Each structure stands twice: as C-alpha cells, then as structure tokens.
Amino acid sequence: MALLREVDPGEVGWAERVKPTDRHAPRAVLFRPDGTRQDIPILGCAAHLSAASGFLYADLQAPNDQELETLQREFHFHPLAIEDVRTRHQRPKIDIYGDRYFLVFYRVGPSAHHQGDWVLQEIDFFIGPNFLIATHDSPVDLLDETFNRFGREEGKKDVSGLLYDILDAMVDDYFLFLDDLGERSQEIEDEIFEHYDQVHLERLLALKKDLALLRRVAAPERDAVNVLLRRDPPILDAARIFYFQDIYDHLIRIADSIDTYRELATGTLDAFLSVQNNKLSEVVRKLTILSTAFLPLMLVTSFFGMNFARLAGAPDVLFWKSMAFMAAFEVAILWFLWWWGILGKRRRE
C-alpha cells in the first residue's frame with residue numbers, strides 16, 4: 001500500500017489545477033444567530049452574511065476562475081491566496097492577511113480508485129471572523145460528514161466550532177494511516193527473516209517514501225495550528241483554544257510516531273542488507289568447501305597430467321590401490337569438514 005498524491009494529470013508543484021468534469025456544485029450555508037440555517041448562492045453571499053449577523057460556511061470543489069473572482073470580490077481575499085488556490089500541491093501552511101487566515105491542510109484517506117492505497121487530498125480554507133470557506137479538487141466525504149454532524153449538534157454555532165470539527169476529523173485519519181504503516185513494517189520485518197526475497201527491498205523503500213511524505217505534511221501542519229493558538233488576530237473563540245491545543249498535541253504525537261517508524265524502517269533495511277550479505281557469505285562458503293574437498297585431486301591430476309591410465313612401470317594393483325586411497329582421502333576430508341561444523345551442525349563431544 002502506498003501513499004498517493006491527488007490523482008490528476010500534471011507534475012507536482014507549480015502546476016495549474018485540472019478541473020474535473022463531474023464536480024459538485026458550490027454550496028454555501030448561512031447560520032443565523034437563532035440556530036436556523038439557509039442555503040444561499042455564492043454570488044451575493046457577503047451581503048446575506050452582513051444582513052443576518054451569523055456565520056457562513058461554503059464548500060467549493062475545483063472552483064473555476066469565475067467562482068474565485070466572485071469570492072475575491074465578495075470577501076476581499078488577497079490575490080496571493082487566490083493564486084495558491086489556482087495552483088495545486090501547496091505546502092501545508094497558514095498565511096495571515098489582516099483579519100483573515102488562509103490555511104492549507106491535507107487529509108489522508110483511502111483511495112477510491114486503488115484498493116488498499118491511500119490518497120492525500122489538499123484542502124484550502126479561507127477563515128474569517130464570520131465565515132469559513134473550503135476549496136478542494138476531488139470530492140471529500142469527510143467535509144460532508146463533519147458538516148452534517150455539526151448541524152445536528154446542540155449549542156453555539158460559530159466558525160471556531162466547525163473548523164475544529166473538520167481539522168480534528170482530518171487529524172484522526174492520520175492515526176489510521178500510521179496504524180497501517182505499523183502493520184506493513186511488522187509484516188515486512190517478519191517476512192525478511194522467514195525467507196529472502198528482493199520484493200522486500202521494494203516494499204521497504206516504498207514504506208520509507210510514505211513516511212517521508214507524511215512527515216513533510218504533518219510537520220508544517222503542526223506549525224500552522226500553532227499559529228492559530230497565538231490568538232493574533234483573535235479570529236477564533238477563546239473558549240475553543242483548548243480544543244485546538246488538542247489538535248496540536250495530536251500532530252506532535254503523529255510527528256513523533258513518524259520519526260519512530262522511520263527509525264524502525266531504517267533498522268529493518270539494515271537487517272535486510274545483513275541477511276543479503278549472510279546469504280552471499282553462505283554461497284561463498286559452500287563454494288570454498290567444494291574447492292577444498294577437490295583440492296587433493298586437482299593437485300594429483302595437475303602433477304601427473306590426465307593422459308596416463310596409470311603410472312608408468314607400476315603394476316595394476318598399485319594403480320587401483322592409489323585410486324582407492326584418493327577416494328578414501330576425499331571421504332575423510334568431507335567427514336572432517338562435517339565434524340568441524342563447516343558442512344552443518346558440529347558434533348558435540
């Protein structure tokens with residue numbers, strides 16, 4: 001199983017996002033202070049928000065240029081934040097533009113196209129005092145599930161509560177992936193000592209690659225959540241700070257677990273190479289045994305040559321006695337090698 005990026009054409013980096021043809025329509029929901037909510041269009045959503053004095057949640061899958069221009073016009077987002085949404089595979093980060101945050105976070109979840117694989121899904125958040133807007137390329141069921149659960153909960157509805165529910169659900173999925181990595185590591189370690197196979201090296205390198213990729217995601221996300229905890233500017237509700245502290249602690253645990261698994265993977269790789277060297281040494285040992293066993297015959301044949309049926313002037317009886325002596329000598333050599341423990345388990349006195 002491998003950790004994958006978003007499955008869309010193009011190279012990773014400064015590449016334009018490829019818009020899917022079957023994307024979901026944009027959704028914007030206005031939460032009023034009295035607890036009611038209303039679906040509103042993206043166009044003019046800022047005016048609805050100002051009139052209702054509530055907070056707005058919007059979810060846009062693969063927003064096109066017109067939708068991004070509408071968001072920038074409605075909420076006065078910084079052009080750099082809009083540019084980051086247009087380009088894919090951003091580094092996890094948080095940018096502060098006045099009283100607005102732009103947060104890049106990644107979700108780790110099972111791949112819908114490759115059974116057993118995992119996929120990284122980039123989600124960009126625009127965070128303000130009274131709005132939370134999420135944009136992403138591929139469908140993210142976690143956002144819908146979290147939003148529905150948030151809508152059913154009792155109590156105050158605000159940006160801090162919904163943002164915490166989303167980030168907490170995303171970070172919890174990291175632990176599931178770490179559990180899968182742990183099982184893969186243990187399985188490879190057990191199979192290495194049972195039987196040698198070159199495919200184990202490929203699986204080990206894939207495991208280390210997954211750990212390195214997850215480390216590059218989790219560490220910046222930890223720093224981004226730490227920025228949210230500074231309360232400057234104070235966008236988040238002060239009562240919710242302790243909840244985001246819990247997310248920060250989880251990301252620290254994840255980073256520590258990744259480092260631990262990387263050390264274990266390195267140790268397993270060293271063990272694999274050691275087993276490989278032992279196999280090579282075993283082959284060389286067996287070849288040495290064969291060379292040692294046949295060395296006397298090689299000496300005799302090289303001294304007398306191979307063109308003599310028997311020694312010149314010697315009777316036939318002496319010839320056959322010499323052949324029997326050489327055969328017995330070879331058997332004695334093999335017995336000595338076995339007794340010494342070179343051919344197998346050494347005889348115990």
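The values are calculated or read from the model by the stated rules, or taken from the named source; none is laboratory data. Just so it is clear, the structure is predicted and the values come from calculations on it, not from any experiment. Every residue, glycine among them, receives a Cβ derived from its backbone with ideal geometry; neighbour counts consider all protein chains shown. Side chains are part of the model used for accessible areas, which takes the heavy atoms of the whole protein and leaves out ligands, DNA and RNA. Shrake-Rupley method; radii C 1.70, N 1.55, O 1.52, S 1.80 Å.
Here the Karplus curve 6.51 cos²θ - 1.76 cosθ + 1.60, taken at θ = phi - 60°, turns the phi angles of the range 207-218 into couplings of 5, 5, 5, 4, 5, 5, 5, 5, 5, 5, 8, 5 Hz, with x standing for Gly and Pro.
Residues in the range 201-301 average 57 Å² of solvent-accessible surface per residue, probe 1.4 Å, ligands and nucleic acids excluded.
Ignoring ligands, DNA and RNA, please state the percent of accessible area on the range 153-293 from carbon and sulfur, probe 1.4 Å. Ligands and nucleic acids excluded, carbon and sulfur give 52 percent. For TRP320 and GLU202, what does the FRET efficiency come to when R0 = 51 Å and r is the distance between their Cβ atoms, rounded to the nearest 0.05? The pair TRP320/GLU202 has a calculated efficiency of 0.30. Each residue of the range 100-112 was assigned a 3J(HN,Hα) from its phi angle through the Karplus curve 6.51 cos²θ - 1.76 cosθ + 1.60 (θ = phi - 60°); the sequence is 10, 10, 10, 10, 10, 9, 10, 9, 10, x, x, 6, 7 Hz, with glycine and proline shown as x.
The gain in end-to-end length when the HIS78 to TYR97 segment is fully stretched comes to 6.1 nm, 0.36 nm per residue minus the alpha carbon separation. On the principal axes of its alpha-carbon atoms, the range 186-296 has extents of 90, 19, 17 Å, going from largest to smallest. Taken along the Cα-to-beta-carbon direction at a fixed 7 Å, the label points for ASN64 and GLU145 span 3.1 nm. With R₀ fixed at 51 Å, the C-beta to C-beta distance from ALA219 to LEU287 puts the FRET efficiency at about 0.55.
Taking all protein chains together and rolling a 1.4 Å probe, ASP117 ends up with roughly 30 Å² accessible.
Among the GluC sites (Glu not before Pro) in the range 82-180, those located in a DSSP loop and surrounded by at most 12 other Cβ atoms within 10 Å of their own Cβ are GLU153, GLU154. The candidates HIS89, HIS48, arranged from most to least accessible area with a 1.4 Å probe in the full protein assembly, appear as HIS48, HIS89. Converting phi to 3J(HN,Hα) with the Karplus coefficients 6.51, -1.76 and 1.60 and the offset θ = phi - 60°, the range 88-93 yields 9, 6, 6, 6, x, 6 Hz in sequence order, with x at every glycine or proline.
Sorting ARG91, ARG203, ARG149 by accessible area puts them as ARG91, ARG149, ARG203; the probe is 1.4 Å, largest comes first, and only protein heavy atoms count. A Förster distance of 41 Å, applied to the separation of the beta-carbon atoms of ALA238 and GLU183, puts the FRET efficiency at 0.50.
Working from label points 7 Å from Cα in the Cα-to-Cβ sense, the LYS156 to ARG32 distance is 2.1 nm.
The label point for VAL331 and the one for VAL275, both projected 7 Å from the Cα toward the Cβ, are 4.0 nm apart. Between the amide H of PHE131 and those of LEU56, distances stay under 5 Å, these residues lying 5 or more places away or on another chain, with hydrogens modeled in the peptide plane.
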